[in-house]
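Undergrad: Pasting a structure below so you can have a look.
The numbers here are math on the coordinates, done by the rules we state, and not lab data. Small disclaimer: the values here were computed from a predicted structure and weren't measured. Cβ: placed from backbone, ideal geometry, glycine included. Neighbour counts: every protein chain shown.
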Amino acid sequence: MAGEIEDAIERADREHFTQDPPKTLKGQIGYLLRRMGSAKAVAQEIGVTPDSVNRYRRGARKHARPDIAAKIDHAVRARWQPGIRKRRRKQAATTGITVETRARFGYTAPVGSTDENRLRRLTVKLPATYAQRLFDAQDRGLGDRRMREIIAAGFKEAYFQDNGARAMGLSEVQINDIDYLDIEYY
């Protein structure tokens, strides 16, 4: 299952679709068959038998179980309009992204500073280097923990250290207990 950050990236990708993906089960299965090439490949992706995929394709089964329907929808959206997704990510990797979150932030700082772990609501524009690192981590399947570290490093630089203007002794920022996280591309 995707983590909070990966879900936020997927939501940001979907905001820029120029056309909605297929909504019917038959249409979704037809699209997946065209993209993946065989009922066997689709079946492995969504966790059913190839015969079930063919029944969905023919319309012999009009509804899938809710868990299977969610897998089908996720598989379709992950493959929908890859050119647009790629262009938007390339642009975001050169201009940066905005991350809005409500989470518990803690950091390691010199003695005498306020290093308590507390809930904060932040909206921060992260530099393009962090956007590129985030996309690379997602593409390599490094997981939510690594993506949290990348975003935390971006928050450290852009927010807590104000791009080098303050808090230079700050050594580590951690994001914990994410209430929500949203990512927006420019």
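Undergrad: State to the nearest 20 debye the size of the charge dipole of the chain about its Cα centre, where the only charges are +1 on K and R beta carbons and -1 on D and E beta carbons.
TA: Numbers: 35 positive and 25 negative charges, 259 e Å.
Here the size comes out at about 1240 debye.
Undergrad: Students often forget the sequence filter, so: which lysines lie under 17 Å Cα-Cα from LYS62 once same-chain residues fewer than 8 apart are removed?
TA: Answer for LYS62, where 17 Å is the Cα cut-off: LYS23, LYS26, LYS71, listed by chain and number.
Undergrad: Select from LEU25, LEU142, ILE97 the residue farthest towards the positive end of the dipole of the chain; place +1 on Cβ of Lys and Arg, -1 on Cβ of Asp and Glu, and compute about the Cα centre.
TA: LEU25
Undergrad: Further, regarding this structure: Whole-Hz Karplus ³J(HN,Hα) for region 142-157, in order, using 6.51 cos²θ - 1.76 cosθ + 1.60 and θ = phi - 60°, x for Gly and Pro?
TA: Karplus values, whole Hz, x for Gly and Pro: 6, x, 5, 4, 5, 5, 4, 4, 5, 5, 4, 5, x, 5, 4, 5.
Undergrad: Spin-label point model (7 Å from Cα, Cβ direction): what's the ARG120 to ARG104 distance in nm?
TA: It is 1.6 nm.
Undergrad: Still on this model: What ratio of Cα Rg to 2.2 N^0.38 Å holds for the chain?
TA: Expressed relative to 2.2 N^0.38 Å, the Cα Rg reads 1.27.
Undergrad: Under 17 Å Cα to Cα from LYS40, which aspartates and glutamates show up? Leave out anything in the same chain fewer than 8 places away.
TA: Of all the aspartates and glutamates, those that pass the test against LYS40 - Cα under 17 Å, at least 8 places apart if same chain - are ASP51.
Undergrad: Tell me what the chain gives for mean residue ellipticity at 222 nm when only DSSP H runs of n ≥ 4 count, each as -39,500 (n - 2.57), the sum divided by the residue total, rounded to 500 deg cm²/dmol. Provide the component values of the computation, followed by the final result.
TA: On the way: 8 runs with 92 residues, N = 186.
Helix contribution divided over all residues of the chain: -15000 deg cm²/dmol.
Undergrad: When the Karplus curve 6.51 cos²θ - 1.76 cosθ + 1.60 is applied with θ = phi - 60°, which whole-Hz ³J(HN,Hα) does each residue of region 47-53 get, with x for Gly and Pro?
TA: x, 10, 7, x, 4, 4, 4
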